[in-house]
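Undergrad: Supplied in structure tokens, the structure appears directly below.
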Amino acid sequence: VQHLAPDHKSILSDLIQRYTRMRVFEVEDGMAVQANCAYIIPPNRDMALLDGTLQLLEPSEPRGHRLPVDFLFRSLAQDQHERAIGIVLSGTGSDGAQGVRSIKDEGGLVIAQSPDSAEYDGMPRSAIATGVVDYELAPADMPAQLIAYATRALGTHQGSVAKDPSRSDEDLKKIMILLRAQTGHDFSQYKPSTIQRRTTRRMAVHQIGTLASYVRYLQQTPLELEALFRDLLIGVTSFFRDPEAFKVLEG
């Protein structure tokens with residue numbers, strides 16, 4: 001998603017095609033997303049993802065107030081949940097900063113271009129300031145990191161969480177002890193599947209292959225304990241997760 005002049009034909013697709021072997025498309029409404037393709041937003045449109053298809057909408061905000069990156073990121077998070085990955089590249093302003101929060105709330109991955117590698121660092125710095133960015137990288141370093149993360153978090157490699165359930169249970173208990181000691185919060189009553197999913201995601205971020213190794217990493221890295229703690233407190237584990245029940249109590 002690029003900020004484009006609304007009243008001029010875009011040649012961005014043609015420009016990008018010169019630098020990649022992937023097929024590059026300017027999006028048409030309802031276009032299905034396929035692997036190894038790049039999809040470019042057309043001028044004067046907002047773009048959303050729904051059931052794996054790209055939907056184009058007329059902007060509701062006036063020119064100068066539109067945030068097309070936020071718009072896409074929010075729909076990406078709602079559609080793909082923990083499989084969502086958002087990358088904020090060079091650009092002015094703060095577009096994307098709210099959208100990356102939505103991605104993190106669903107358990108996805110957030111990457112921002114390192115400000116010192118960006119010609120315009122406003123958007124990356126705004127994303128980083130949210131505190132939810134997992135990696136700050138130069139663009140050349142992003143592909144390898146994406147592949148490594150996807151292999152561990154989204155592919156068949158799931159570390160020791162699934163290999164040895166009894167050992168995993170003991171290691172997860174140790175993680176809960178460390179979290180309680182660091183934050184004062186007791187996660188022992190949380191759904192085990194949630195703990196495992198968030199732990200697996202953090203292991204993938206740091207390319208750690210076993211739960212036992214991750215326990216040692218947590219012992220040595222207080223900042224990672226804080227990061228895991230924040231991941232466990234995303235929307236799906238929020239205190240007010242049952243709004244209907246709280247409406248009854250409020251009444």
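Undergrad: Name, by its number, the condition in (1) on the phi > 0 side of the Ramachandran plot; (2) surrounded by fewer than 20 Cβ atoms within 10 Å (Cβ to Cβ) that does not hold for Q80.
TA: (1)
Undergrad: Going by the conditions given, is A112 buried (at least 20 other Cβ atoms within 10 Å of the Cβ) and assigned to a strand (DSSP E or B)?
TA: Judged against the criteria, A112 is a match.
Undergrad: Moving on to the next point. Just to be sure before I move on: is A84 touching a helix residue (DSSP H, G or I) at 6+ places or on another chain (Cβ under 8 Å) and modelled with pLDDT of 95 or more in the structure I sent? Don't jump to the end; show me each part of the working.
TA: Values: touching a helix residue (DSSP H, G or I) at 6+ places or on another chain (Cβ under 8 Å): yes; modelled with pLDDT of 95 or more: yes.
Taking the combined requirement at face value, the residue satisfies it.
Undergrad: Let me confirm something: among F246, F229, F239, which residue is over 19 Å from A77 (Cα atoms) and modelled with pLDDT of 90 or more? Spell out the reasoning first.
TA: Numbers: F246 fails: modelled with pLDDT of 90 or more; F239 fails: modelled with pLDDT of 90 or more.
The match here is F229.
Undergrad: Give the residues of region 197-227 that are part of a helix (DSSP H, G or I), closer than 21 Å to L146 by Cβ and of a type in the set (A, V, I, L, M), sorted by residue number.
TA: If the condition is that a residue be part of a helix (DSSP H, G or I), closer than 21 Å to L146 by Cβ and of a type in the set (A, V, I, L, M), then M203, A204, V205, A227 are the ones that fit.
Undergrad: Within region 186-196, identify whether any single residue is basic (K, R) and part of a helix (DSSP H, G or I), and answer yes or no.
TA: In the first step, residues of region 186-196 are kept if they are basic (K, R); the result is 191.
Keeping just the survivors that are part of a helix (DSSP H, G or I) gives none.
Scanning region 186-196 turns up no residue that is basic (K, R) and part of a helix (DSSP H, G or I).
Undergrad: Let me ask something else about it. Is it the case that L67 is modelled with pLDDT under 95, surrounded by 17 or more Cβ atoms within 10 Å (Cβ to Cβ) and within 21 Å of G122 (Cβ to Cβ)?
TA: Numbers: modelled with pLDDT under 95: yes; surrounded by 17 or more Cβ atoms within 10 Å (Cβ to Cβ): yes; within 21 Å of G122 (Cβ to Cβ): yes.
Taking the combined requirement at face value, the residue satisfies it.
Undergrad: Which one is nearest to L49 (Cα to Cα) among residues in region 86-126 that are polar (S, T, N, Q) and under 16 Å from the mean Cα position of the chain (by Cα)? Show your work before the answer.
TA: Step one: list which residues in region 86-126 are polar (S, T, N, Q), which gives 90, 92, 94, 98, 102, 113-114, 117, 126.
Filter once more, so that each one left must be under 16 Å from the mean Cα position of the chain (by Cα): 98, 102, 113, 126.
Numbers: Q98: 17, S102: 14, Q113: 23, S126: 23 Å.
For region 86-126, the residue satisfying everything is S102.
Undergrad: Failed condition for F71, given (1) within 23 Å of Q98 (Cβ to Cβ); (2) among the aromatic types (F, W, Y); (3) part of a strand (DSSP E or B), with all others met?
TA: Of the numbered conditions (1) within 23 Å of Q98 (Cβ to Cβ); (2) among the aromatic types (F, W, Y); (3) part of a strand (DSSP E or B), the odd one out for F71 is (3).
Undergrad: Another question about this same structure. Of the residues that sit in region 12-36 and are among the polar types (S, T, N, Q) and surrounded by 12 or more Cβ atoms within 10 Å (Cβ to Cβ), which one is farthest from M47 (Cα to Cα)? Even if it seems obvious, please write down each step before you answer.
TA: Here is the first cut: in region 12-36, the ones among the polar types (S, T, N, Q) are 13, 17, 20, 34, 36.
Those left that are additionally surrounded by 12 or more Cβ atoms within 10 Å (Cβ to Cβ): 13, 17.
Values: S13: 16, Q17: 20 Å.
By that ranking, first place goes to Q17.
Undergrad: Look at S193 and say whether it is outside the structural domain of G108 (by TED's automatic domain parsing), surrounded by fewer than 15 Cβ atoms within 10 Å (Cβ to Cβ), at pLDDT below 90 and within 16 Å of E170 (Cβ to Cβ).
TA: On the way: outside the structural domain of G108 (by TED's automatic domain parsing): yes; surrounded by fewer than 15 Cβ atoms within 10 Å (Cβ to Cβ): yes; at pLDDT below 90: yes; within 16 Å of E170 (Cβ to Cβ): no.
Answer is no for this residue.
Undergrad: Now a separate question. Within region 74-85, does at least one residue satisfy the condition of being of a type in the set (A, V, I, L, M, F, W, C), in contact with a Ser or Thr (Cβ under 6 Å, 6 or more places away or on another chain) and either in contact (Cβ under 8 Å) with a residue 60 or more places away in the chain or not in a loop (DSSP other than H, G, I, E, B) (or both)?
TA: At the first step, the residues of region 74-85 found to be of a type in the set (A, V, I, L, M, F, W, C) are 76-77, 84-85.
From what's left, in contact with a Ser or Thr (Cβ under 6 Å, 6 or more places away or on another chain): 77.
Add one more test, that the residue is either in contact (Cβ under 8 Å) with a residue 60 or more places away in the chain or not in a loop (DSSP other than H, G, I, E, B) (or both), and what stays is 77.
Among the residues of region 74-85, at least one is of a type in the set (A, V, I, L, M, F, W, C), in contact with a Ser or Thr (Cβ under 6 Å, 6 or more places away or on another chain) and either in contact (Cβ under 8 Å) with a residue 60 or more places away in the chain or not in a loop (DSSP other than H, G, I, E, B) (or both), which makes the answer yes.
Undergrad: Restricting region 132-154 to residues that are surrounded by 12 or more Cβ atoms within 10 Å (Cβ to Cβ) and in a loop (DSSP other than H, G, I, E, B), which is modelled with the lowest pLDDT?
TA: If we filter region 132-154 for residues that are surrounded by 12 or more Cβ atoms within 10 Å (Cβ to Cβ), which is where we start, we get 132-137, 139, 141-142, 145-146, 148-154.
Remaining after also requiring in a loop (DSSP other than H, G, I, E, B): 132-134, 154.
Values: V132: 93, V133: 96, D134: 95, L154: 81.
Across region 132-154, the extreme among qualifying residues is L154.
Undergrad: I'd like to verify a number: residues in region 86-100 that are buried (at least 21 other Cβ atoms within 10 Å of the Cβ), assigned to a helix (DSSP H, G or I) and either out of contact with any Gly (no Cβ under 7 Å at 6 or more places or on another chain) or assigned by TED's automatic domain parsing to the domain that holds R202 (or both), how many?
TA: Matching residues across region 86-100 total 1.
The values are calculated or read from the model by the stated rules, or taken from the named source; none is laboratory data. The model shown is predicted, which means the values in this text are computed figures rather than measured ones. Cβ sites come from the backbone with ideal geometry, for glycine too, and all protein chains shown count toward neighbours.
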